[in-house]
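Q: What follows is a structure written as structure tokens; I'll ask about it next.
Taken together, the values in this text are just the output of simple stated rules run on the coordinates, not laboratory data. Predicted model only: the values in this text are computed from it and were never measured. Positions of Cβ are generated from backbone atoms using ideal geometry, with glycine treated the same way; all protein chains shown enter the neighbour counts.
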Amino acid sequence: AYEPAVELVVATRAVGGMSGGGVFAPDGRYLGVMVRATLQPVDGAYLVRVVRASYIRAQLEAAVAAAPPSLAQAITPFLPTPR
């Protein structure tokens, strides 16, 4: 089922092997990760489902917050700065 807080749908075409790839807006903003696409057009358009970058970030922040302090400290240098 489609969950608008978790994903968005983009009208574009994708081919096999693109899942997990980044999806970017025309202005270069990172939107999220491609997870699945239609094989046939829907109402004349191919569609791609994208897990929102904001959802990914929230999940990552929650995982780090719940991690043991030593693990959180070890991985924090590799993460984007907190909001």
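Q: With the crude spin-label approximation of a point 7 Å out along Cα→Cβ, what separation in nm comes out for Arg13 versus Ala1?
A: So the two model labels end up 3.3 nm from each other.
Q: What does the charge count near Gly32 come to, summing +1 for each Lys or Arg and -1 for each Asp or Glu among other residues with Cβ under 12 Å from its Cβ?
A: Here the charged neighbours net out to +3.
Q: Compute the length gained on full extension between Val42 and Ala74: take 0.36 nm times their separation in residues and subtract their Cα-Cα distance, giving the result in nm to one decimal.
A: 7.0 nm
Q: Based on DSSP H runs of at least 4 residues, each adding -39500 (n - 2.57), what is the mean residue ellipticity at 222 nm of the chain after dividing by all its residues, to the nearest 500 deg cm²/dmol? Can you show the working numbers first?
A: On the way: 2 runs with 21 residues, N = 83.
Roughly -7500 deg cm²/dmol at 222 nm, from the helical runs in the chain.
Q: Over 10 Å intervals from 0, what percent of Cα-Cα pairs in the chain sits in each interval?
A: In whole percents, the pair-distance histogram is 16, 39, 28, 14, 3, 0.
Q: Under a Cβ-Cβ cut-off of 13 Å, what is the net charge of the residues other than Thr12 that fall near it, where Lys and Arg count +1 and Asp and Glu count -1?
A: Numbers: positive: Arg13, Arg36, Arg49; negative: none.
Once positives and negatives cancel, what remains is +3.
Q: Another question, if that's okay. Subtracting the Cα-Cα distance from 0.36 nm times the residue separation, let me have the gained length for Ala53 to Leu31 in nm, one decimal.
A: Extending this stretch completely gives an extra 7.4 nm.
Q: Further question on the same structure: Quick one: which of 22-32, 71-81 comes out on top by average Cβ neighbours within 10 Å, and what's the full order, highest first?
A: Ranking, from highest mean packing down: 22-32, 71-81.
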